[in-house]
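> Sharing a structure, written as structure tokens. Questions coming.
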Amino acid sequence: MERPNWAPGDIDLERPSVARVYDYLLGGAHNFAADREVAQKTLEMMPEVRTGALQHRAFLRRAVRYLLGRGVRQFLDLGSGIPTVGNVHEIAQAVDPATRVVYVDLDPVAVAHSRSLLDGNPRVSVLQADVRDPAAVLASPEVNDLLDFDRPIAVLMIALLHFVPDDDDPLGILAGYRDRLAPGSFLALSHAGFEADEETPEIRAARRVYERGVTRTTLRNSAEFTKLFHGFDLVEPGVARLPTWHPEAQDDDGAAHSRFPGFGAVGRKA
Ligand SMILES: C[S@@+](CC[C@H](N)C(=O)[O-])C[C@H]1O[C@@H](n2cnc3c(N)ncnc32)[C@H](O)[C@@H]1O
């Protein structure tokens with residue numbers, strides 16, 4: 001198989017990755033046959049999976065605009081993914097060019113493509129790291145050279161924590177970030193999940209296909225999702241279904257009303 005120039009030499013093109021499957025679901029071009037195949041199989045089981053990906057991305061846009069409105073000018077985007085339409089720095093620097101953004105992802109394609117896109121933007125940096133290790137992320141020069149921890153920072157984890165099982169201690173990971181943040185900082189999370197009585201055979205089948213092909217997932221209900229905001233005060237409207245959190249007309253493409261399950265919320269550190 002021919003290797004495009006955005007694919008680092010050490011990645012296995014035959015093995016689907018979370019980042020590239022998500023890129024395909026969003027309509028991006030940074031994915032390979034193996035990614036498309038598992039995405040297609042998942043979509044056959046449950047076409048709403050694509051709507052779900054679009055809803056996470058739309059939530060990201062709305063959350064960033066909301067946070068800019070609250071005066072935030074520093075963003076730490078954890079599990080930032082392969083750059084696509086509506087990246088954080090594009091939204092934020094259109095409002096205020098002085099806004100600083102650090103992108104962090106484990107995936108080599110996400111990191112390589114982010115670096116090539118952002119080359120020459122002095123207020124953006126890209127770090128390849130495992131976000132489950134907050135001490136390493138926070139000690140990195142990419143983070144420290146750009147972000148001022150004496151001022152508010154918005155930590156974003158969009159469509160990320162359903163890849164972090166309870167065994168990996170998501171609350172401990174979140175505490176690692178929260179404890180470094182100045183008062184007035186924010187946490188924005190979106191998460192795949194549903195209430196106990198909402199699981200359908202289609203969801204179970206789609207999840208089996210995805211987990212067999214890509215990676216394990218931990219879907220959480222709204223109560224479990226709410227617990228992730230320990231140490232933060234939820235801003236209005238609290239935990240919401242993704243399309244209903246601060247809805248904007250431009251995201252209302254009909255798909256927004258799909259019942260694909262996912263939650264979003266933003267919290268503020270007092
Ligand atoms: C579903 S994508 C979401 C991308 C982006 N946040 C968005 O909403 O468009 C999840 C991303 O998290 C990254 N990821 C998953 N686990 C990670 C980890 N432990 N450390 C760093 N990145 C991780 C994946 O590589 C992928 O790019």
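The values are calculated or read from the model by the stated rules, or taken from the named source; none is laboratory data. In this text the structure is predicted, and so the values were computed from the model without any measurement. In this analysis, Cβ positions are derived from the backbone assuming ideal geometry, glycine residues included, and neighbour counts consider all displayed protein chains.
> What number of residues within the range 1-14 are of a type in the set (G, A, S) and either touching a residue at least 12 places away in the same chain (Cβ under 8 Å) or within 13 Å of the ligand (Cβ to nearest atom) (or both)? Steps first, answer last, please.
Narrowing the range 1-14 to residues of a type in the set (G, A, S): 7, 9.
This time we only want the ones that are either touching a residue at least 12 places away in the same chain (Cβ under 8 Å) or within 13 Å of the ligand (Cβ to nearest atom) (or both), so: 7.
Residues that pass the stated criteria total 1.
> For the range 163-216, give me each residue that is of a type in the set (S, T, Y) and within 16 Å of the ligand (Cβ to nearest atom).
Keep residues of the range 163-216 that are of a type in the set (S, T, Y), which gives 177, 185, 190, 200, 210, 215.
Y177, S190, Y210, T215 - these are the residues of the range 163-216 that are of a type in the set (S, T, Y) and within 16 Å of the ligand (Cβ to nearest atom).
> Only one residue in P122, P83, P97 is within 16 Å of the ligand (Cβ to nearest atom) and in a loop (DSSP other than H, G, I, E, B). Which one? Walk me through how you get there before you give the answer.
Values: P122 fails: within 16 Å of the ligand (Cβ to nearest atom); P97 fails: within 16 Å of the ligand (Cβ to nearest atom).
Result: P83 is the single residue among P122, P83, P97 that is within 16 Å of the ligand (Cβ to nearest atom) and in a loop (DSSP other than H, G, I, E, B).
> Determine which member of the set A19, A63, A34, A39 is touching a helix residue (DSSP H, G or I) at 6+ places or on another chain (Cβ under 6 Å) and more than 17 Å from V111 (Cβ to Cβ). Give the steps one after another, and end with the answer.
Values: A19 fails: more than 17 Å from V111 (Cβ to Cβ); A63 fails: touching a helix residue (DSSP H, G or I) at 6+ places or on another chain (Cβ under 6 Å); A34 fails: touching a helix residue (DSSP H, G or I) at 6+ places or on another chain (Cβ under 6 Å).
Going through A19, A63, A34, A39 in turn, just one is touching a helix residue (DSSP H, G or I) at 6+ places or on another chain (Cβ under 6 Å) and more than 17 Å from V111 (Cβ to Cβ): A39.
> So, one more: Taking V155 as the residue in question, decide whether it is within 27 Å of G69 (Cβ to Cβ), assigned to a helix (DSSP H, G or I), touching a residue at least 40 places away in the same chain (Cβ under 8 Å) and within 13 Å of the ligand (Cβ to nearest atom). Working first, answer last.
On the way: within 27 Å of G69 (Cβ to Cβ): yes; assigned to a helix (DSSP H, G or I): no; touching a residue at least 40 places away in the same chain (Cβ under 8 Å): yes; within 13 Å of the ligand (Cβ to nearest atom): yes.
Taking the combined requirement at face value, the residue does not satisfy it.
> A follow-up question, please. Would you confirm whether any residue within the range 76-91 is modelled with pLDDT of 95 or more, among the aliphatic types (A, V, I, L, M) and touching a Lys or Arg at 6+ places or on another chain (Cβ under 8 Å)? Let's see the steps before the verdict.
Narrowing the range 76-91 to residues modelled with pLDDT of 95 or more: 76-82, 87-91.
Of the ones still in play, those that are also among the aliphatic types (A, V, I, L, M) are 76, 78, 82, 88, 91.
Now narrow it down to the ones that are touching a Lys or Arg at 6+ places or on another chain (Cβ under 8 Å): 82, 91.
Yes: one or more hits.
> Residue by residue through the range 16-34, note down the ones that are in a helix (DSSP H, G or I) and within 12 Å of the ligand (Cβ to nearest atom).
Our first condition is that a residue be in a helix (DSSP H, G or I); within the range 16-34, this holds for 18-25, 33-34.
Selection gives V18, A19, R20, V21, Y22, D23, Y24, L25.
> Would you please list the contacts, defined by Cβ atoms under 6 Å and residues six or more apart or on different chains, that run from a residue in the range 96-121 that is β-branched (V, I, T) to a residue that is away from the ligand (no atom under 16 Å from the Cβ) and at pLDDT 95 or above?
Taking only residues 6 or more apart or on different chains, the pairs are T99/R73; T99/Q93; V102/L146.
> Could you check how many residues of the range 35-80 are assigned to a helix (DSSP H, G or I) and more than 13 Å from the ligand (Cβ to nearest atom)? Break it down into steps so the answer makes sense when it comes.
Initial filter on the range 35-80 (assigned to a helix (DSSP H, G or I)): 35-45, 48-69.
Then keep just the ones that are more than 13 Å from the ligand (Cβ to nearest atom); that gives 36-38, 40-41, 43-45, 48, 51, 65-69.
Qualifying residue count for the region: 15.
For (1) of a type outside the set (D, E, K, R); (2) out of contact with any Gly (no Cβ under 7 Å at 6 or more places or on another chain); (3) assigned to a loop (DSSP other than H, G, I, E, B); (4) touching a residue at least 60 places away in the same chain (Cβ under 8 Å), each residue gets a yes or a no:
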residue: I173; (1), (2), (3), (4): yes, yes, no, no
residue: P183; (1), (2), (3), (4): yes, yes, yes, yes
residue: F194; (1), (2), (3), (4): yes, yes, yes, yes
residue: Y210; (1), (2), (3), (4): yes, yes, no, yes
residue: R216; (1), (2), (3), (4): no, yes, yes, no
residue: R220; (1), (2), (3), (4): no, no, yes, no
residue: P237; (1), (2), (3), (4): yes, yes, yes, no
residue: P243; (1), (2), (3), (4): yes, yes, no, yes
residue: H246; (1), (2), (3), (4): yes, yes, yes, yes
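> Related question: When the residues of the range 239-258 are filtered to those that are exposed (fewer than 14 other Cβ atoms within 10 Å of the Cβ) and small (G, A, S), which remaining residue is modelled with the highest pLDDT?
A249
> Just name the residue that is nearest to the ligand (Cβ to nearest atom) out of those in the range 134-149 that are in contact (Cβ under 8 Å) with a residue 24 or more places away in the chain and among the acidic types (D, E). Break it down into steps so the answer makes sense when it comes.
Start the filter on the range 134-149 by keeping residues that are in contact (Cβ under 8 Å) with a residue 24 or more places away in the chain, which leaves 134-135, 137-138, 142-143, 146-149.
When the remaining residues are screened for being among the acidic types (D, E), the result is 142, 148.
Working: E142: 13, D148: 23 Å.
Among them, the one singled out is E142.
> Residues that are within 16 Å of R212 (Cα to Cα) and free of Cβ contacts under 8 Å to residues at least 40 places away in the same chain: does the range 15-31 have at least one?
yes
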